[in-house]
C-alpha cells in the first residue's frame, strides 16, 4: 500500500466526483421526454422516426402496471431473440470459425443472463460464439438491458417526486432516449478510445501462429472487441468477448484503459444519485445518498486492498517473498491495487467484468467481493437498478427511524405506509434467501459438488458466490466451479430472473403508490434525508441486513478459510 497507489485512489475518486454532477444534469434532460440536449440536432430526427415506426405516442404515459407489463414483454421478446440466435448461429453469417449451435441449457442460461443485465458466462466467448452472436445477440442486450434499468429508476424517481399522479412515464420512450442520447454517444467515443489504447475491432478470421518450439500452433482470437468492451463497462453488464474478460490484453490493454474502465463502471450509477436529488428538488439528499454509497465502497475496497497487499502468510512461511503481496491470479500490468479496485467496483456496481481471478484472492479479499453483492448491489449498484435498490433501503431506514422516535415515517413529505414496507421487505429478502436455499440444495447433491475443483470452505465459497452473483445480477464468477452443466445452467438462470424482476416489480409498485400520494409540507421534527445522521442510518441499515442474513454462511466459507490460513495447521 504505497504512496503511488494512494494517489491513484485519490485521482479516481476526484474524477468520479467531478463527473457525477454534469452527467447527472445531462441524464435529467435525457429522461425528460421534452428535455433538450446538445445532441438534439443529430438524434432528434432519429428518435421521432423510431417512435413513428413503432407507433409510440410520446405524449401518453403509463401507470405502474402498464409500465411493468411493457418491461416484462420487452424482456421476454429479448430472451427469445437471443435464444434463437444462439441455437441457430451455425446457420447465420459472421461465423469465420464455423462454430456450431449452442446447447439448449447453455443457450437458455446465456439468453437469460444477458437479458437480465447479469452477463454470467458459462462458456468462453471466443471458443463458443460467432461474431454475429456476440454483436447481435449479446451486445444488443448490453444496451437495452442497461437502458431498461435506467428507465425503471426514472419511473421510481418520478413516482417519488410527483404529487397525486396516476402515471410514472412511458417505458418505450425512456428506453429509446436512454439508448440514443446516453449509451450510444458515450460508447462511440469510448470504443474509439479503447482502439487508441490497443483494443482490437475487426472481423478477421482467427490467426494461426507457430509456437517458439516449432512443434505446435497457437490460435489467436480476433473480433469486434472494442465496441462490446465499451458498453459492457458503461452499462455495468460485464460479459466479455474473451473468456479472460478484462484481464485479456485485447480487452484491457494498458493501465490507462484499466483506469477508464473502472471509472466507467461507476459513472452512470454515481450520476443517477445527482439526478435523484435534482428530480426531488433536494440536491443535498442526492449527495447524501452518493456519500453513503461511497462510504460502503471505500470500506470494502480498503479491506480488500489491505488483504491482498498483505499476501498469504502460508507462502511466506515457505520462503516466498511477501513484499509483492498476493499476486496469484493477477495481471502484472495492473498489480495489487488496480486489481483490488477493479474487483471492488465490479462487485459493488453489479458489473461482473474482471481483470483478475477472484478465486485467487485471499479469503478476506474474496469475502469483500462476495459481501458487496450480498448487500443487494446497492453500493452504486447496476445502472438504474442500483438506485432502485438503494431507494428501497432508504424507505426501510426511514421506517426504522420512525419506529425509534415514535413518529409516522415520511420520505420527502410522503407517508411510508404498511404496504410500502411490505413491498420493500419482499424486494430485499427474496433475492437474499434465494442464493442461500440454492446453495444448500447444491452442496447436498452429487450433481452440484461434482463441478467443484476445491473442497472445504473454499468450495462452499465458490458455490455461494455463483448463486449470489446470479441472484444479484452481477455476473462475476469466483472460478474453480465448472458451472456449464444442466443443473447450474437452469438454477442460475432461475436466480437471475428472480433477482432482476422482483426488484423491478417492487420498484414500479412503490413508484405507482408514491405517485398517487399527496406530498405534505415538511415539518421540523421529520427525520432528515440529508447530512451525516441520514448517511449513518442508511449505511447501518444496508450493512445490518446483509450481515444478519449472510453471516452464518460466511462464517463457514471465507471467514473460516481466513482463520485456517493464518492460525491453523489443518491445511497442511
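The values are calculated or read from the model by the stated rules, or taken from the named source; none is laboratory data. Bear in mind the structure is a predicted one, so any value in this text is a computation, not a measurement. Methodologically, a virtual Cβ is constructed for each residue, glycine included, from the backbone with ideal geometry; neighbour enumeration extends over all protein chains shown.
Here residue 192 clears all of (1) in contact with a strand residue (DSSP E or B) (Cβ under 7 Å, 6 or more places away or on another chain); (2) part of a helix (DSSP H, G or I); (3) surrounded by fewer than 20 Cβ atoms within 10 Å (Cβ to Cβ) except the condition numbered (1).
Evaluating residue 52 against the criteria (1) in contact with a helix residue (DSSP H, G or I) (Cβ under 8 Å, 6 or more places away or on another chain); (2) exposed (fewer than 15 other Cβ atoms within 10 Å of the Cβ) leaves one unmet condition, (1). For residue 132, state whether it is within 30 Å of residue 478 (Cβ to Cβ), touching a residue at least 40 places away in the same chain (Cβ under 8 Å) and not in a loop (DSSP other than H, G, I, E, B). It is false that residue 132 is within 30 Å of residue 478 (Cβ to Cβ), touching a residue at least 40 places away in the same chain (Cβ under 8 Å) and not in a loop (DSSP other than H, G, I, E, B). Among all positions in region 57-72, there is no residue which is within 28 Å of the chain's Cα centre (by Cα), under 30 Å from residue 342 (Cα atoms) and touching a residue at least 12 places away in the same chain (Cβ under 8 Å).
Among the listed residues 86, 72, 23, which satisfies the condition of being under 15 Å from residue 172 (Cβ atoms) and in contact with a helix residue (DSSP H, G or I) (Cβ under 9 Å, 6 or more places away or on another chain)?
Numbers: 86 fails: under 15 Å from residue 172 (Cβ atoms); 23 fails: under 15 Å from residue 172 (Cβ atoms).
72 is the lone residue from the list that is under 15 Å from residue 172 (Cβ atoms) and in contact with a helix residue (DSSP H, G or I) (Cβ under 9 Å, 6 or more places away or on another chain).
If you go through region 26-41 and keep only what is in contact with a helix residue (DSSP H, G or I) (Cβ under 9 Å, 6 or more places away or on another chain) and not in a loop (DSSP other than H, G, I, E, B), you end up with 26, 27, 28, 29, 30, 40. Do we have residue 100 as under 25 Å from residue 207 (Cβ atoms) and modelled with pLDDT under 90 here? Criteria not met by residue 100.
Looking across 100, 75, one residue alone is part of a helix (DSSP H, G or I) and either crowded, with 16+ Cβ neighbours inside 10 Å or more than 29 Å from the chain's Cα centre (by Cα) (or both). It is 75. Among the conditions (1) part of a helix (DSSP H, G or I); (2) closer than 16 Å to residue 373 by Cβ; (3) in contact with a helix residue (DSSP H, G or I) (Cβ under 7 Å, 6 or more places away or on another chain), residue 433 misses just one, which is (3).
Just to verify a result, which residue in region 406-422, among those that are touching a helix residue (DSSP H, G or I) at 6+ places or on another chain (Cβ under 7 Å) and surrounded by fewer than 18 Cβ atoms within 10 Å (Cβ to Cβ), is farthest from residue 555 (Cα to Cα)? Let's see the steps before the verdict.
Step one: filter region 406-422 for residues touching a helix residue (DSSP H, G or I) at 6+ places or on another chain (Cβ under 7 Å), giving 408-409, 411-412, 414, 416, 419-421.
From what is left, the residues that are surrounded by fewer than 18 Cβ atoms within 10 Å (Cβ to Cβ) are 408, 419, 421.
On the way: 408: 37, 419: 34, 421: 30 Å.
So the residue we want is 408.
Could you tell me whether residue 387 is part of a helix (DSSP H, G or I), out of contact with any strand residue (DSSP E or B) (no Cβ under 9 Å at 6 or more places or on another chain) and under 19 Å from residue 288 (Cα atoms)? Taking the combined requirement at face value, the residue satisfies it.
Would you confirm whether any residue within region 343-352 is touching a helix residue (DSSP H, G or I) at 6+ places or on another chain (Cβ under 8 Å), surrounded by fewer than 24 Cβ atoms within 10 Å (Cβ to Cβ), at negative phi and touching a residue at least 12 places away in the same chain (Cβ under 8 Å)?
In the first step, residues of region 343-352 are kept if they are touching a helix residue (DSSP H, G or I) at 6+ places or on another chain (Cβ under 8 Å); the result is 343-352.
If we keep only those that are surrounded by fewer than 24 Cβ atoms within 10 Å (Cβ to Cβ) as well, we get none.
The answer is no; no qualifying residue exists.
Close contacts from region 504-523, counting a first residue that is under 16 Å from residue 149 (Cβ atoms) and a second that is assigned to a loop (DSSP other than H, G, I, E, B), with Cβ to Cβ under 7 Å and a gap of 6+ residues or different chains, come to 511/168.
Return yes when residue 403 is in contact with a helix residue (DSSP H, G or I) (Cβ under 8 Å, 6 or more places away or on another chain) and in a helix (DSSP H, G or I) and no when it is not. Here the answer is no, as residue 403 does not meet what is asked.
Would it be correct to say that residue 129 is more than 19 Å from the chain's Cα centre (by Cα), under 21 Å from residue 353 (Cα atoms) and surrounded by fewer than 23 Cβ atoms within 10 Å (Cβ to Cβ)? No. Once region 489-511 is narrowed to residues that are over 18 Å from the mean Cα position of the chain (by Cα) and under 20 Å from residue 374 (Cβ atoms), the residue that is surrounded by the fewest Cβ atoms within 10 Å (Cβ to Cβ) is 491. Looking across 109, 95, 117, 122, one residue alone is more than 17 Å from the chain's Cα centre (by Cα), assigned to a loop (DSSP other than H, G, I, E, B), touching a residue at least 24 places away in the same chain (Cβ under 8 Å) and crowded, with 21+ Cβ neighbours inside 10 Å. It is 122. In region 320-337, the count of residues that are closer than 30 Å to residue 275 by Cα and either modelled with pLDDT under 95 or in contact with a helix residue (DSSP H, G or I) (Cβ under 6 Å, 6 or more places away or on another chain) (or both) is zero.
Residues of region 73-88 that are within 20 Å of residue 155 (Cα to Cα) and either in contact with a strand residue (DSSP E or B) (Cβ under 8 Å, 6 or more places away or on another chain) or touching a residue at least 40 places away in the same chain (Cβ under 8 Å) (or both): 74, 75. Is it the case, given these coordinates, that residue 378 is touching a helix residue (DSSP H, G or I) at 6+ places or on another chain (Cβ under 8 Å), farther than 20 Å from residue 240 by Cβ, in contact (Cβ under 8 Å) with a residue 60 or more places away in the chain and not in a helix (DSSP H, G or I)? Yes, satisfied.
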